[in-house]
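Following: one structure in structure tokens, then a few remarks.
The values are calculated or read from the model by the stated rules, or taken from the named source; none is laboratory data. Keep in mind the model is a prediction, meaning the values are calculated, not measured. All Cβ positions, even for glycine, are placed from backbone atoms using ideal geometry, and neighbour counts span all protein chains on display. Remember, those area values only see protein heavy atoms, side chains included, never the ligands or the DNA or RNA. Shrake-Rupley method; radii C 1.70, N 1.55, O 1.52, S 1.80 Å.
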Amino acid sequence: MTVTTTLLSSNATALGTGADEFGELQDASHLLGCTEDLRAHMAKEGYLLLRGFFDRDVVLAAREEILFKFAVVGEIDSIGHPLMDGIVSSQTYIDQVNLLAFTESLRRGLAYSNVVESPKLLAFFNDFLGGPARSFDFRWPRFMRPGEATGIHCDGPYITRGTRNVWSAWIPLGDVPLSNGPIMVLERSHLHEQLRNTYGKRDADREKMGWLSDDPVGLRERLGGRWLSTDFEAGDVLLFGPDLVHASLDNNSVDGRCRLSSDTRYQLASDPLDDRYNGDDTSNPHGGAPRVFLPGKAPGNNEDFQDEWKPVDERGRLLRTNGPTTE
């Protein structure tokens, strides 16, 4: 598959598309069945792209389940367009519903669970980690509207309070071409020793830290490597560890198509758990006033998770002053 390098940007910054600036993620599907080769590839490149890992129909069922719920609250235009196209609506009612219940229903949907808790994925991690694996109780289904992006970061400061032997699975819930704002990773950034020993050892909650950078071009020039991404298809999965720098491309869809994907985390069941995302109450893992996971750009640099966690009132309704960008 050839990368199309037109109109690529991230966090409202145009990306260079020269051979030393932007490249294609390597498919590691041919390594399935050879655990040592998979581990070696992960150690070298920092990620595993597994094409067609999931049954496409199973993934599309999760897409339909989640988009239907977003259509109910007016975020998706299912009147003028097919539901599965995920076209953003010009009028939303999301601030009129109980978002505590709504977001929980997104995370606990049966079709979505069939993807992120699939026996095949758990069996993969059993082999890759060398023992019984489990996922985090909390899940991050991510709905990205046109014009939005995820900031530049590593997962370490956010998910490693239990163990650093924790792995992320980025799953496109539908086809996600470059124009739709998929994930991008900074080539071999997981090997940058200074970054691992400084930023990588921080705790985002305790230090109220923001994104690693808001300048993808400047960061690439400073750390080296290229930004890597690809046109993803339903059934693909991208796996990576806590030290890989990543973000997303901007969703530059010209037809208003929202990007739907999932972030889930996996570790050895015998390792300590990060109690923010595991246990009986994971609905507000960062504490403070009630908030819900509802990605959308907010004022600031995410130093209090405001890009992804939105405040709600006592009835679970969105406080619009810090709500997601829906225009």
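Points worth noting:
- Residue within segment 63-78 that is of a type in the set (G, A, S), closer than 30 Å to L100 by Cα, open to solvent by 20 Å² or more (accessible area, probe 1.4 Å) and in a loop (DSSP other than H, G, I, E, B) present: yes
- If you go through segment 86-97 and keep only what is surrounded by fewer than 16 Cβ atoms within 10 Å (Cβ to Cβ) and in contact with a strand residue (DSSP E or B) (Cβ under 9 Å, 6 or more places away or on another chain), you end up with just Q96.
- Of the numbered criteria (1) closer than 24 Å to E24 by Cα; (2) touching a Ser or Thr at 6+ places or on another chain (Cβ under 9 Å); (3) aromatic (F, W, Y), the one W167 fails is (2).
- Residue count for segment 102-119, restricted to those that are surrounded by 12 or more Cβ atoms within 10 Å (Cβ to Cβ) and more than 20 Å from the chain's Cα centre (by Cα): 0
- Within the set R51, R39, R134, the sole residue that is more than 23 Å from A269 (Cα to Cα) and among the basic types (K, R) turns out to be R51.
- In the set (1) closer than 30 Å to F128 by Cβ; (2) outside any strand (DSSP E or B); (3) of a type in the set (A, V, I, L, M), the condition left unmet by L49 is number (2).
- Residues that are surrounded by 16 or more Cβ atoms within 10 Å (Cβ to Cβ) and among the charged types (D, E, K, R) within segment 34-62 comprise R39, E45, R51, listed in sequence order.
- Checked against the criterion of being farther than 27 Å from A62 by Cβ, of a type in the set (G, A, S) and modelled with pLDDT under 95, the candidates G156, G200, G130 yield just one match: G200.
- Matching residues, segment 187-219, being open to solvent by less than 30 Å² (accessible area, probe 1.4 Å) and in a loop (DSSP other than H, G, I, E, B): D203, M209, G210, W211
- Selection within segment 120-145: residues that are of a type in the set (F, W, Y) and assigned to a loop (DSSP other than H, G, I, E, B). The member of this set that is surrounded by the fewest Cβ atoms within 10 Å (Cβ to Cβ) is F138.
- Pairs where the first residue, in segment 82-98, is without any contact (Cβ under 8 Å) to a residue 24 or more places away in the chain and the second is part of a loop (DSSP other than H, G, I, E, B) and among the β-branched types (V, I, T), C-beta under 7 Å, 6+ apart: Y93/V73
- Here R259 clears all of (1) touching a Phe, Trp or Tyr at 6+ places or on another chain (Cβ under 8 Å); (2) under 16 Å from E24 (Cβ atoms); (3) among the basic types (K, R) except the condition numbered (2).
- Test: residue in segment 11-31 that is under 22 Å from the mean Cα position of the chain (by Cα) and on the phi > 0 side of the Ramachandran plot: yes
- First in segment 9-33 and open to solvent by 60 Å² or more (accessible area, probe 1.4 Å), second anywhere and among the aliphatic types (A, V, I, L, M), Cβ under 6 Å, 6 or more apart: D27/L49
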